[in-house]
1. Compute the convex hull volume of the Cα atoms of region B:60-158, divide it by the residue count, and report the result per residue in Å³ as a whole number.
2. Would you mind computing the Rg to Rh ratio of region B:144-212 from its alpha-carbon coordinates, Kirkwood style for Rh?
3. What's the extension gain from residue B:52 to residue B:24 if we count 0.36 nm per residue and subtract their Cα-Cα distance?
4. Please work out the C-alpha center-to-center distance from region B:1-44 to region B:121-151 and express it in whole Å.
5. First measure r as the distance between the Cβ atoms of residue A:154 and residue B:183, then evaluate 1/(1 + (r/R0)^6) with R0 = 25 Å and state the FRET efficiency to the nearest 0.05.
6. Could you pull the Rg and Dmax for region A:34-83, using just the Cα atoms, both in Å?
7. Give me the three principal axis extents of region A:106-173 from the C-alpha atoms, as integers in angstrom, largest value leading.
8. With label points built 7 Å along Cα→Cβ from the Cα atoms of residue B:87 and residue B:104, find their separation and express it in nm.
């Protein structure tokens, strides 16, 4: 039995392989990206990441590891203080129609119905008036919101709002979909439904997705690639390809084996800083860390 | 239903106390008539058409002035909120002028426009335009930044952004500002009408005073209250309530 377990453990390791993507073959090329906020916090340091077209990349890490900053830099909402982001070989300077950012909240326009939200966005894209309604209804069907076309956002549940938001994003037909913990505020059950929905849509459309999450299970459930990040300063520590067949099931044993493995990896990454006994920490390091008062922290005995 | 019974009983109680005090004869009945006398005077004014004529005149003035205020106030508020020059240069002036009670414009208005409608219109506009502009600016600045961000990522720009996102997002606040502007305008109008012969509700009050006709004065006051409440309730509360429900801001107002 032990051998069987060990075998599973090994197989899960072999299903997680380091990813190597050349910059010239990448859809999204991030090179030596660095970002420092005005309050001197280094959110990103020397981050390089190449994403192929059609990949589903999950940025995974604890809060403060810069995963959202990286995503916002990809979206063009944050101007990084160093390095470049290029899409299809062209360096980006701001938001663009080929990239679409989805937030943790559904962020629907509250005065427009579900259909109205989509047709309004399509109007901004320049879709002729006659086509908008038909296209909106097609995407509403795709996210299984049929029957709620004329409902106002505040009458929908959290999961339904998110689905409407997803329909709006898909209707805009971006080549790159950037998602910032979109299911973070949903309950566990709804979350799994949304993950399965997103997966089936991704399999059908083949969009490039960059998905930020702090949930290991979610990352492995959805991603073809998982990028582990670590905080202070925000950096990439592992870049792994997930070789599990799609569609994946949340209860899948191999998936859960991997989850355990990646959790272990994450613990190693964060571990030294957190588990190191406080008295052995050199005092000058404590003082140099921003935001923490030097007094009140355990001091080494001299 | 219970709410209305409470309301009605309070009104009846007040009327009863009024009648009682009038009957006690502490003050001369000429100076402190009871509700019945006042109601009779109101009825007389209604039946001989004086009230209707005065109301029509006042409301006509108010309507024109209010339309001007809205026409100037909302764009002014939008400009202050969106353009740095207006925010830095015009906003202090607008806030400063707002410290001046609107009736203080009347002497100037009389010198500029003479004893005409224009003078009163000027006072009413000055009384309400600034409040509307400031409320508009406030509500535009208070728009949820998330909506602005999502509009930018969806590529909503230019006029479509201003009228399709900013304006509807700020609309509940703007309507509240319009309501405020209306009550400012209503006050300024009556203050203006009181001060010179103008043929509106304010003048009916003045005439009542000059004839020592206290029932008429009180009757006009009652009429002014009723008109004010009606417009506030019927027009603004319905619009505001509907808007807030549609925007999902409140279950019921």
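1. Per-residue hull volume (Cα only) is 115 Å³.
2. Details: Rg = 22.2 Å, Rh = 15.5 Å.
Here Rg/Rh amounts to 1.43.
3. Values: separation 28, 0.36 × 28 = 10.08 nm, distance 3.37 nm.
6.7 nm is the gain from fully extending residue B:52 to residue B:24.
4. Using only Cα atoms to place each centre, the spacing works out to 41 Å.
5. Working: r = 29 Å, r/R0 = 1.17.
Once the sixth-power term is evaluated, E becomes 0.30.
6. Looking at region A:34-83, its Cα Rg and Dmax stand at 11.3, 36 Å.
7. 31, 22, 18
8. A separation of 2.8 nm, rounded to one decimal place.
Readers should treat all values here as calculations from the given coordinates under stated rules, not as data from a laboratory. Here the structure is a predicted model, which is why all the values come from computation and not from measurement. No Cβ is skipped: glycine too gets one built from the backbone with ideal geometry, and neighbour counts run over all protein chains shown.
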